[in-house]
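The values are calculated or read from the model by the stated rules, or taken from the named source; none is laboratory data. Everything quoted here is computed from the prediction, not taken from an experiment. Counting neighbours? That spans all protein chains shown, and the Cβs are built from the backbone with ideal geometry, glycine included.
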Amino acid sequence: MSQKFTVLFDLDGTLVNTAPDLMHAHNYVMKKYGFDERELSDIKKLAGRGSKVMLTRSMHEIAELSGKIKKTDDVVEKMTKEFVDYYSKNILKESTLKEGVLNFLAWCKKNSISLGVCTNKQEHLSIDLLKKIKIYHFFDYVAGGNTFEYNKPDPRHLTNTIEIIGGNIKKSLMIGDSETDSNASKAADIPFILIEDGYTEKKTNEIYHNHLSKDFIGLEKIVKKYL
């Protein structure tokens, strides 16, 4: 029996527009610890590498802009824990599915394509969000930022997920919205579809990709080429 084709997905900014809820959690913690709050556009640039990296980068940016250097290392662990606590209780207040996601996932399942999520969001948060937004049942495996001892852009985040699903690297592709996804895909030698308006500071022409799409509408036309 030949192995099924596998499609991997990033989560934040790819499958789900999570920035509004990430912003509320970020601002709750930042305000509590005496840092400036940030806007939605800031969060989109900061997200993608996990909550600890997001908070650390945010504090460093604020320090650079204000000229006031605050010691952050000693509080960032505590802030990250409080961020996760707050976010886990408010994970689906304003987050929404990307355009066309439901139809694309249904098409994949109809065509016996295996589906996996590779995200730097913590595993339990990822599963909780996918369940609450009602698409968890589509996926064969969800690998969060803390599932393995490494995460994106390390290609093993992708290749191990494909192996667990029972897929084949040569019969797989990745869909994501940032250079973190792109770099992991390139290192794993997996074709990469870049979703526009991602959670990144880079422009689309600065991110390596094999295909570019505004959203998930009509994305099956690209995937069909690989089946």
Every residue from segment 102-140 that is at positive phi and in contact (Cβ under 8 Å) with a residue 24 or more places away in the chain = SER112
query = What residue, of LEU15, LEU8, LEU22, is touching a Cys at 6+ places or on another chain (Cβ under 6 Å), buried (at least 21 other Cβ atoms within 10 Å of the Cβ) and at pLDDT 90 or above?
reply = LEU8
ask   = Can you tell which of ASN168, ASN205, ASN210 is buried (at least 16 other Cβ atoms within 10 Å of the Cβ), assigned by TED's automatic domain parsing to the domain that holds GLY13 and at negative phi?
value = ASN210
ask   = Which one of THR180, THR200, THR161 is outside any loop (DSSP other than H, G, I, E, B), under 16 Å from the mean Cα position of the chain (by Cα) and either outside the structural domain of ASP10 (by TED's automatic domain parsing) or under 22 Å from PRO20 (Cβ atoms) (or both)?
value = THR180
query = Yes or no: GLY67 at positive phi, touching a strand residue (DSSP E or B) at 6+ places or on another chain (Cβ under 7 Å) and at pLDDT below 90?
reply = no
ask   = In this structure, does LYS186 turn out to be basic (Lys, Arg) and either out of contact with any Phe, Trp or Tyr (no Cβ under 6 Å at 6 or more places or on another chain) or closer than 24 Å to TRP107 by Cβ (or both)?
value = no
note = Matching residues in segment 95-144 (among the polar types (S, T, N, Q), surrounded by fewer than 17 Cβ atoms within 10 Å (Cβ to Cβ) and assigned to a loop (DSSP other than H, G, I, E, B)) number 2
ask   = In segment 180-203, what residues are free of Cβ contacts under 8 Å to residues at least 60 places away in the same chain and in contact with a strand residue (DSSP E or B) (Cβ under 6 Å, 6 or more places away or on another chain)?
value = SER182, SER185, PRO191, PHE192, ILE193, LEU194
